[in-house]
Amino acid sequence: MESNAGDDDSSKNLNDFEKANLDEAQESRLLGGMKEKYVDLGRKICVTILAVAFIVGLITFIIHIDPNNQSDSSHDNDVLIISIIRKVMPRKQPQPDKYTQALRKALMFFNAQRSGPLPKHNNVSRRGDSGMKDGFIGQNLVGGFYDSGDAIKFNFPQSFAMTMLSWSVIEYSGKYEAAGELNHVKEIIKWGADYLLKTFDSSADTIDKIYAQVGTGDTSGWSGKIDTPNDHYCWMRPEDMDYPRDVHECHRCSDLAAEMAAALASASILVHGAETLYQFAGDKKGRYSADITDASIFYNSTNYWDEFIWGATWLFYATGNTSYLERATSRVLATHAGAFSGAPSYGIPSWENKLTGSQVLLSRLRIFLSPGYPYEDMLSTFNKHTDLIMCSYLPVFRSFKRTKGGLIQLNRGVPQPLQFVVQAAFLATLYADYLDASCIPGWYCGLNFYTTQVMHDFAKTQIDYILGKNPRKMSYIVGYGQRYPKHVHHRAALIPKNKIKYTCEGGWKWRDTKKPDPNTIIGAMVGGPDKHDGFRDVRSSYYYTEPTLAGNAGLVAALVALSGKGKAATSIDMSTMFSKVPPMFPPMAPGPAPWKP
């Protein structure tokens, strides 16, 4: 299989991207002159060699003329020479760890999913401008990200993906910077947030609708050729789409509005718009997938109470307004969200279930700030439940089944298991880092005490499985490792960029071929194996081979949390999250006036 020669399998910093398309004078100033660069490098090498030779020669001369020099000290002299050479010669930079290497690739998936006019530094040569007519007269919906292997733009999972990326940046900005990916991930978040702002009236104080989806995927009841093609029927490059793309709007969509509010608040982009969305979520209660039938087929939402808690928590951190904290710690909302029900989905974080993430996020507040009354009751409850969820991830408690290869089965029969695994790995690592930062050595599961290292070990075993430490010895991240899926369920991967525009049906030959993908979609995490560690690298088996935005966002978060080496690598940014949070206790009353005789 050949990948496009222009594709870089690791992402670039924005500073590097901005070097593109400069005139000769600009390029000379920016790069310092390419010829001079190589000349300077040669000079440095020559000077280094001469310096080493001079020092070695000088030491040898001194040794030979020293009358007190004894033959039995020759070994010490050799050691001295080697020591000096090591100090003079430039040191080789250490290779990044496997999590950092995978992180760089996983971020590239978002470059490949971009819709709209692509920036010149997008760095995926097979992709071009697409979806340039999305929307309708008076409503521009160009931009954003395609969700998975098709060209549909779903606000619900896209918003969740942006929230997770923002959360990981807030906690681990230092690690992103060390990996050279901080500017890149910030640009990805801005790209997604800018699109979300187009899907509602972000300047208004109140709204009555959200444009929740662009494109249609329902093919039920179809047989043979159809008159109205859509994004699942048509197999063509996104750049070649020429069929009408429906815009789906919702008027009662509390779950979507609250999730979009979380995305904008976590990114600190137009907080006013986030507050407008959250107010709309409360004023017009309802599930977005009940409003949009097509969305219910692919991203059905079962309730909106967890999004109420999730959105309120992020708005509290973004604004410091304690009314949002009061809502986030409402026992009524927690009850409706299933915090006390023990439902089968409890403890399983995903694009559909934000309760577990909310509990970890609110536990952060209690661990670091301990705001006390009137929030302590629910905060301590969420903290205890977070402890229990972390216990449930440990194999000793058997709350969840595991494959023989060790992959936790959080999906409970739902396809595409890896998207749930990466979310749990991120939350476990993050919660362990919270405890470590507070000098809390671990937590209790019943009478048994476990150190935070146990949580780190859980996360590492799960991510290592995804990276290739599994019975099939296969990486489930495309482009990472020696063996990875070659038949990804993805239009941009399987249709070659050969100057031929294929029709809706014309692209089927590429969909149905057994040949490997002509384009390597670097960094895409596929759906994953089955409960027996089996995997079908077959394009039509989309449960196994299709990547998603939400899945890759969780992967990026987990990888950056685990990346780096040494004690400094485990540190989180404790203060940035609280930058807008006011003092949680009233100031102390002034003391008595000084005594005067």
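The values are calculated or read from the model by the stated rules, or taken from the named source; none is laboratory data. Quick caveat: nothing in here was measured; it's all calculated off a predicted structure. Note that we place each Cβ from the backbone using ideal geometry, even for glycine, and neighbour counts take in every protein chain shown. All accessible areas refer to the heavy atoms of the entire protein, side chains included, with ligands and DNA or RNA removed. Shrake-Rupley method; radii C 1.70, N 1.55, O 1.52, S 1.80 Å.
Data for the structure
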| read-out | value |
| --- | --- |
| Residue match in the range 455-462 (condition: polar (S, T, N, Q), within 30 Å of Phe578 (Cβ to Cβ), at pLDDT 95 or above and open to solvent by less than 40 Å² (accessible area, probe 1.4 Å)) | yes |
| The one condition in (1) open to solvent by 30 Å² or more (accessible area, probe 1.4 Å); (2) part of a loop (DSSP other than H, G, I, E, B) that Asp436 fails to fulfil | (2) |
| Ile466 being at pLDDT 95 or above, surrounded by fewer than 20 Cβ atoms within 10 Å (Cβ to Cβ) and not in a strand (DSSP E or B) | no |
| Some residue of the range 225-233 being open to solvent by less than 30 Å² (accessible area, probe 1.4 Å) and at pLDDT 95 or above | no |
| Residue match in the range 190-203 (condition: at pLDDT 95 or above, aromatic (Phe, Trp, Tyr) and open to solvent by less than 30 Å² (accessible area, probe 1.4 Å)) | yes |
| Single match in Asp97, Asp134 (criterion: surrounded by fewer than 18 Cβ atoms within 10 Å (Cβ to Cβ), farther than 25 Å from Val488 by Cα and in contact (Cβ under 8 Å) with a residue 40 or more places away in the chain) | Asp97 |
| Residues satisfying the stated conditions in the range 245-278, i.e. farther than 23 Å from Ile188 by Cα and among the hydrophobic types (A, V, I, L, M, F, W, C) | Val247, Cys250, Cys253 |
| From Phe400, Phe382, residue being open to solvent by less than 10 Å² (accessible area, probe 1.4 Å), under 25 Å from the mean Cα position of the chain (by Cα) and not hydroxyl-bearing (Ser, Thr, Tyr) | Phe382 |
| Which numbered condition Val214 fails, given (1) at pLDDT below 95; (2) under 30 Å from Asn498 (Cβ atoms) | (1) |
| Pairs, first open to solvent by 10 Å² or more (accessible area, probe 1.4 Å) in the range 250-264, second of a type in the set (Ser, Thr, Tyr), C-beta under 9 Å, six or more apart | Arg252/Tyr288 |
| Members of the range 299-345 that are open to solvent by 40 Å² or more (accessible area, probe 1.4 Å), without any contact (Cβ under 8 Å) to a residue 60 or more places away in the chain, farther than 30 Å from Asp218 by Cα and of a type in the set (Ser, Thr, Tyr) | Ser323, Thr335, Ser341 |
| Scope the range 238-249; condition open to solvent by less than 40 Å² (accessible area, probe 1.4 Å) and over 16 Å from Lys198 (Cα atoms); matching residues | Pro238, Asp240, Met241, Tyr243, Arg245 |
| Ala281 being free of Cβ contacts under 8 Å to residues at least 40 places away in the same chain, more than 29 Å from Cys504 (Cα to Cα) and out of contact with any Leu (no Cβ under 6 Å at 6 or more places or on another chain) | yes |
| Criterion: modelled with pLDDT of 95 or more and more than 30 Å from Lys469 (Cα to Cα) - qualifying residue of Ser74, Ser115, Ser125, Ser130 | Ser115 |
| Condition check for Ala343: among the aliphatic types (A, V, I, L, M), out of contact with any helix residue (DSSP H, G or I) (no Cβ under 6 Å at 6 or more places or on another chain) and at pLDDT below 95 | yes |
| Residue list for the range 306-328, restricted to those being touching an Asp or Glu at 6+ places or on another chain (Cβ under 8 Å) and not acidic (Asp, Glu) | Trp310, Gly311, Leu315, Thr319 |
| Residue list for the range 337-371, filter: of a type in the set (Ser, Thr, Tyr) and either over 22 Å from Gln158 (Cβ atoms) or assigned to a loop (DSSP other than H, G, I, E, B) (or both) | Ser341, Ser345, Tyr346, Ser350, Ser363, Ser370 |
| Any hit, the range 285-299, residues being more than 30 Å from Pro229 (Cα to Cα), of a type in the set (A, V, I, L, M, F, W, C) and part of a helix (DSSP H, G or I) | no |
| Leu165 open to solvent by less than 30 Å² (accessible area, probe 1.4 Å), over 22 Å from Thr576 (Cα atoms), part of a helix (DSSP H, G or I) and in contact (Cβ under 8 Å) with a residue 60 or more places away in the chain | no |
| Any chance Ala290 is touching a strand residue (DSSP E or B) at 6+ places or on another chain (Cβ under 9 Å), among the hydrophobic types (A, V, I, L, M, F, W, C) and open to solvent by 20 Å² or more (accessible area, probe 1.4 Å) | yes |
| Total residues in the range 409-426, condition open to solvent by less than 30 Å² (accessible area, probe 1.4 Å) and β-branched (Val, Ile, Thr) | 2 |
| Residue satisfying condition, being of a type in the set (A, V, I, L, M), touching a Lys or Arg at 6+ places or on another chain (Cβ under 9 Å), modelled with pLDDT of 95 or more and open to solvent by less than 40 Å² (accessible area, probe 1.4 Å), within set Leu562, Leu549 | Leu562 |
| Qualifying positions in the range 385-397 - open to solvent by less than 10 Å² (accessible area, probe 1.4 Å) and modelled with pLDDT under 95 | none |
| Every residue from the range 409-429 that is touching a helix residue (DSSP H, G or I) at 6+ places or on another chain (Cβ under 6 Å) and more than 19 Å from Ala524 (Cα to Cα) | Leu410, Asn411, Leu427, Ala428, Thr429 |
| Residues (outside any loop (DSSP other than H, G, I, E, B) and either among the acidic types (Asp, Glu) or out of contact with any Leu (no Cβ under 9 Å at 6 or more places or on another chain) (or both)) located in the range 117-162 | Phe136, Gln139, Asn140 |
| Checking Cys445 against (1) surrounded by fewer than 21 Cβ atoms within 10 Å (Cβ to Cβ); (2) within 26 Å of Ser540 (Cβ to Cβ), the condition it does not meet | (2) |
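To keep it simple, each residue is scored yes or no on (1) part of a loop (DSSP other than H, G, I, E, B); (2) within 19 Å of Trp167 (Cβ to Cβ).
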residue	(1), (2)
Arg245	yes, no
Ala258	no, yes
Ala263	no, yes
Phe280	no, no
